[in-house]
Amino acid sequence: MFCQRHAAEYNQGWDYFAGLDAEEAAEREKSERQTHEGFQESAHYGWAMSGDGSRTRDELRALELLGLGPDADFDEVRKAWRAKAKEVHPDVRPGDEAAAKAFQALQLAYEVLRQAEDRREWKGPGD
């Protein structure tokens, strides 16, 4: 095995087309050049929302808790969270232990989805 410097020295004098005339060398280069003609990107790579399988299991559970489907955008998440949180907020239902637990679960679901949205925005489309 050569180190990079010795491999560069070894390859410097090597001619892939040695022994071929110009026409043969051009024909070989053409035949060995790889193109991607005839190939098309699968349609599911172009999907923009969670229908492409980009939602994690935690995100899907959070969406389910909020009563939303896997393709819900963040505006829908925010609206559903506000509506449900108002129903079980500790200020609205003081002393209700079940409502407090439900509110905590909604807070956690919202936080999971907010962080996922932040990651998507940071990453950007097509990255």
Inset, instruction - Check whether at least one residue in the stretch 109-122 is in contact with a helix residue (DSSP H, G or I) (Cβ under 8 Å, 6 or more places away or on another chain), surrounded by 14 or more Cβ atoms within 10 Å (Cβ to Cβ), assigned by TED's automatic domain parsing to the domain that holds G67 and over 14 Å from D58 (Cβ atoms), and report yes or no. - result: no
Legend entry - Selected residue [at pLDDT 90 or above and either in contact with a Pro (Cβ under 9 Å, 6 or more places away or on another chain) or in a helix (DSSP H, G or I) (or both)] from R28, R55, R78: R78
Legend entry - Subset of the stretch 84-99 (residues that are aliphatic (A, V, I, L, M) and either surrounded by 12 or more Cβ atoms within 10 Å (Cβ to Cβ) or at pLDDT 95 or above (or both)): A85, V88, V92, A99
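The values are calculated or read from the model by the stated rules, or taken from the named source; none is laboratory data. All of these numbers come straight from a predicted model, not from anything done at the bench. Methodologically, a virtual Cβ is constructed for each residue, glycine included, from the backbone with ideal geometry; neighbour enumeration extends over all protein chains shown.
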